[in-house]
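Chemist: Sharing a structure below in structure tokens format, with a few things to ask.
FYI, it's all coordinate maths here, none of it is from the lab. On a predicted model such as this, the values are computed, not experimentally measured, just so you know. All Cβ positions, glycine included, derive from the backbone under ideal geometry; neighbour counts span all protein chains shown.
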Protein chains: 2
Amino acid sequence: MTKGEATRQRIIEQAAPIFNQRGFTGCSMQDLMEATGLEKGGLYRHFPCKEDLAVEAFKYALNKVAEARLGGGPHHEDGAIAKLLHGVHQFVKIPSPLPGGCPLMNTAIDADDGNPALRALAKEGIQAWKARLATIVEEGLRSGEIRKGTKPRAIANLIVATLEGALMISRIEGNRNAMRDAQQTLEDTLNGFAAQPTSRRRSHARTRPSKLEVLIRDSPDRFR
Amino acid sequence: MTKGEATRQRIIEQAAPIFNQRGFTGCSMQDLMEATGLEKGGLYRHFPCKEDLAVEAFKYALNKVAEARLGGGPHHEDGAIAKLLHGVHQFVKIPSPLPGGCPLMNTAIDADDGNPALRALAKEGIQAWKARLATIVEEGLRSGEIRKGTKPRAIANLIVATLEGALMISRIEGNRNAMRDAQQTLEDTLNGFAAQPTSRRRSHARTRPSKLEVLIRDSPDRFR
């Protein structure tokens, strides 16, 4: 990486939390100059306009989201419902991989009447997440683990809607109740889609909290 | 109402959709002047600062939301689950009572790292909605209609999270799939909380679509 490329990457990483917290229009050049310690000219050397930087910052945030939500998943042999529950668990554990809440929801809400490039990326991000979930449901249908007649798209919509809606409530209330309720409801609902109920599967998602989980649970500031 | 009061009210009504679509920081004085046809001085005569106008516009939007979501509910004797399903139905029928999506969610996301007055109002709005839902669940528990052990707070969180999350998905995708899936899932889940299953209750929420519903279904523009 050249020195110029490294600076460009540093700007993206420092701008991403600001855009995530304040939105595209809410984030001023002044904010970006303060976050990066660069003058306006320094920023424009790397990004011809604010939109270019916002797009790169959002792509960076989406990668952070994907990392956080996919990390350390169950093995293939654990089955479809375990995989779906693992995703729910990961979201509840790390709902905001960078300050300001879920970048997907923030940008979807911020850009749905606004910036078309960000809007397109947010749509792509939501649809990629839903497609991944639907694929897992299809695997479960093929293997006979998930009850016939279960609709992959409906399960994907249910998981994304419940988690994102619960995060919105949790952030405005300043506590984790809505997130915990969402996890519990999704566990019950997803286990209900099993062709044959098992108790092992449910226990998978309810192991003793890890050190990280305890840390997050006891540090409301980190969560906000 | 004096002429001054009427002008003030007109400004609030014209500003509300702009704030709902663009957010507090995303909405400029220029936008407000264009929407109201007033000069800066005319606006400042009625509202000493943008925040004052944003707060009044959000209160106006919250009233519109409450009107849309409560309208024409089932009678008391219909029971708790019918009341909850009616609320779900009303949300799906009119998710955006003014252009730009649900003002509660928009302001919750826009203000969670931002304006404290708007943040406080959004929190109040979400909690009032949840309290109304939890009260209905408590009625159902007392009357024996809803299964013992059902948690009022969890049901309230489930309904609000699923509907708001589904609206976010529907708006970014530009179709109503996520809203329809949310309605279906919530119908199944809420009917599952009945102490004694009935088929009448489910059919209540699945009557033939009204003229208004057909209009909304067939007019994606109105929905956006």
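Chemist: With +1 assigned to the C-beta of every Lys and Arg and -1 to the C-beta of every Asp and Glu, and no other charges, what is the dipole magnitude of the protein assembly as shown about the Cα centre in debye, to the nearest 20?
Modeler: The calculated dipole for the protein assembly as shown is roughly 1120 debye.
Chemist: Would you mind checking the tilt of helix B:116-143 against the longest principal axis of the Cα atoms of chain B, expressed as 0 to 90 degrees and rounded to 10?
Modeler: Helix B:116-143 and the main axis of chain B meet at about 20 degrees.
Chemist: Additional query: What ratio of Cα Rg to 2.2 N^0.38 Å holds for the range B:12-80?
Modeler: 1.47
Chemist: Oh, and also: Could you compute the FRET efficiency for residue B:153 and residue B:6, with r as their C-beta to C-beta distance and R0 at 45 Å, rounded to 0.05?
Modeler: Taking R0 as 45 Å, the efficiency between residue B:153 and residue B:6 is 0.60.
Chemist: Follow-up question, since we're still on this one. Give the average, rounded to an integer, of partner chain Cβ atoms located within 10 angstrom of each Cβ in A:105-112.
Modeler: Partner-chain Cβ atoms within 10 Å, mean over residues of A:105-112: 6.
Chemist: While we're here: For the range A:45-128, what is Rg from Cα atoms divided by 2.2 N^0.38 Å, rounded to two decimals?
Modeler: 1.26
Chemist: What is the Cα radius of gyration of the protein assembly as shown over 2.2 N^0.38 Å, N being its residue count?
Modeler: Taking the Cα Rg and dividing by 2.2 N^0.38 Å, one obtains 1.02.
Chemist: What translational diffusion coefficient, in µm²/s and rounded to a whole number, does the Stokes-Einstein relation yield for chain B at 10 °C and a viscosity of 1.306 mPa s, taking the hydrodynamic radius as the Kirkwood radius over Cα pairs?
Modeler: For the chosen part, D equals 84 µm²/s.
Chemist: Next question. Grab every C-alpha pair in the range A:93-175, bin the distances at 5 angstrom width from 0 up to the longest one, and report whole percents.
Modeler: Bins of 5 Å from zero give 3, 14, 19, 20, 17, 12, 9, 5, 1 percent of pairs.
Chemist: Let me ask something additional. Provide, in order from the shortest bin, the percent of all Cα-Cα pairs of the range B:120-165 in each 5 Å bin, continuing until the bin that contains the maximum pair distance.
Modeler: For the range B:120-165, the pair-distance distribution reads 5, 23, 28, 22, 13, 7, 3, 0.
Chemist: Here's another thing I want to ask about it. So which chymotrypsin sites (Phe, Trp or Tyr not before Pro) in the range A:1-83 are both in a DSSP loop and have at most 15 other Cβ atoms within 10 Å of their Cβ? Before the final figure, lay out the partial values.
Modeler: Values: sites: A:19, A:24, A:44, A:58, A:60; in loops: A:24.
Taking the range A:1-83 and a limit of 15 other Cβ atoms within 10 Å, no loop chymotrypsin sites (Phe, Trp or Tyr not before Pro) are found.
Chemist: Ok, one more. For residue B:3, go through the lysines and keep the ones whose alpha-carbon is under 30 Å away, minus same-chain ones fewer than eight residues off.
Modeler: B:40, B:50, B:59, B:64
Chemist: Something else about it: Given a 10 angstrom Cα cut-off, can you work out which residue in B:48, B:95, B:152 is the most mobile in a GNM of chain B?
Modeler: Judging by the Gaussian network model, the answer is B:48.
Chemist: Please compute the average number of Cβ atoms from other chains found within 10 Å of each residue's Cβ in peptide B:170-179.
Modeler: 5
Chemist: Using the 10 angstrom Cβ neighbour count as an exposure proxy, how do A:39, A:145 rank, fewest first? Display every interim value, and only then the final one.
Modeler: Values: A:39 10, A:145 19.
Lowest to highest Cβ neighbour count: A:39, A:145.
Chemist: Still on this model: Rounded to the nearest 0.05, what FRET efficiency is calculated for residue B:31 and residue B:175 with R0 set to 22 Å and r the Cβ-Cβ distance? Kindly include the intermediate steps, with their values, before the conclusion.
Modeler: Details: r = 28 Å, r/R0 = 1.28.
That gives a FRET efficiency of 0.20.
Chemist: Continuing with the same structure: As I understand it, the value is the acute angle between the Cα axis of helix B:177-191 and the longest principal axis of the Cα atoms of chain B; what does it come to in degrees, rounded to 10?
Modeler: In chain B, helix B:177-191 runs at an angle near 40 degrees to the longest axis.
Chemist: Could you please rank A:96, B:170, placing first whichever residue has the fewest other Cβ atoms within 10 Å of its Cβ?
Modeler: Ordered from fewest to most neighbouring Cβ atoms within 10 Å, A:96, B:170 come out as A:96, B:170.
Chemist: Going toward the positive end of the dipole of the protein assembly as shown, with +1 on Lys and Arg Cβ and -1 on Asp and Glu Cβ, which of A:89, B:28, B:53 do you reach last?
Modeler: A:89
Chemist: Non-local amide H neighbours of residue A:146 (under 5 Å, H modeled in plane, Pro and chain starts lacking H): which ones?
Modeler: Amide H to amide H, under 5 Å and 5 or more residues apart or across chains, residue A:146 pairs with A:141, A:195.
Chemist: Apply 1/(1 + (r/R0)^6) to the Cβ-Cβ distance of residue B:67 and residue A:128, taking R0 = 51 Å, and write down the FRET efficiency to the nearest 0.05. Mind showing how you got there, number by number?
Modeler: Details: r = 37 Å, r/R0 = 0.73.
After rounding to 0.05, the efficiency reads 0.85.
Chemist: Relative to the longest principal Cα axis of chain B, at what angle does helix B:80-93 sit, 0 to 90 degrees, rounded to 10?
Modeler: 40 degrees
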